[in-house]
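The values are calculated or read from the model by the stated rules, or taken from the named source; none is laboratory data. Treat the numbers as computed from the prediction; the structure is a model and nothing was measured. Cβ coordinates were reconstructed from backbone atoms using ideal geometry, including for glycine residues, and neighbour counts include every protein chain displayed.
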Amino acid sequence: LAAMEVVFKSAQACWFASKDSAFQPYRLANEMNSFTGRPRFLLVPARNPTGRPLLVVQASGTPARIEAFGPMMSQSVGNRITADIRRWTNGNTSCGTAA
């Protein structure tokens with residue numbers, strides 16, 4: 001959970017609080033207290049927050065393995081998402097470059 005909290009807080013700061021244009025069409029849905037034992041967060045359409053998730057970022061195992069999947073990963077922003085999550089998982093919480 002600790003590793004996932006770092007990734008979640010970094011995503012919140014770098015993708016949403018910063019008003020990054022690549023993420024403006026989306027909304028962050030926190031599911032860190034998942035009963036499945038896999039803390040996660042979702043990116044959903046901002047205009048349809050109950051719609052199908054476009055990105056799922058979740059942790060599993062010990063030590064935690066963070067994985068990201070969903071339709072956004074095959075879009076142009078997918079490489080950035082991968083790089084950001086890798087950087088945050090390794091302890092560097094800085095924001096990367098815009099997509």
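If you go through the range 48-64 one residue at a time, do you hit one that is more than 14 Å from the chain's Cα centre (by Cα) and among the hydrophobic types (A, V, I, L, M, F, W, C)?
Our first condition is that a residue be more than 14 Å from the chain's Cα centre (by Cα); within the range 48-64, this holds for 48-52, 60-64.
Applying the additional criterion that residues be among the hydrophobic types (A, V, I, L, M, F, W, C) yields 64.
Within the range 48-64 (the criterion being more than 14 Å from the chain's Cα centre (by Cα) and among the hydrophobic types (A, V, I, L, M, F, W, C)), the answer is yes, since at least one residue qualifies.
Give the number of residues within the range 48-74 that are at pLDDT 95 or above and out of contact with any strand residue (DSSP E or B) (no Cβ under 8 Å at 6 or more places or on another chain).
Residues meeting the conditions: 1.
Applying the selection to the range 47-62, what residues are in contact with a Phe, Trp or Tyr (Cβ under 9 Å, 6 or more places away or on another chain) and under 10 Å from Tyr26 (Cβ atoms)?
So the first thing to find is which residues in the range 47-62 are in contact with a Phe, Trp or Tyr (Cβ under 9 Å, 6 or more places away or on another chain), and the list is 54-58.
Residues satisfying the conditions are Leu54, Leu55.
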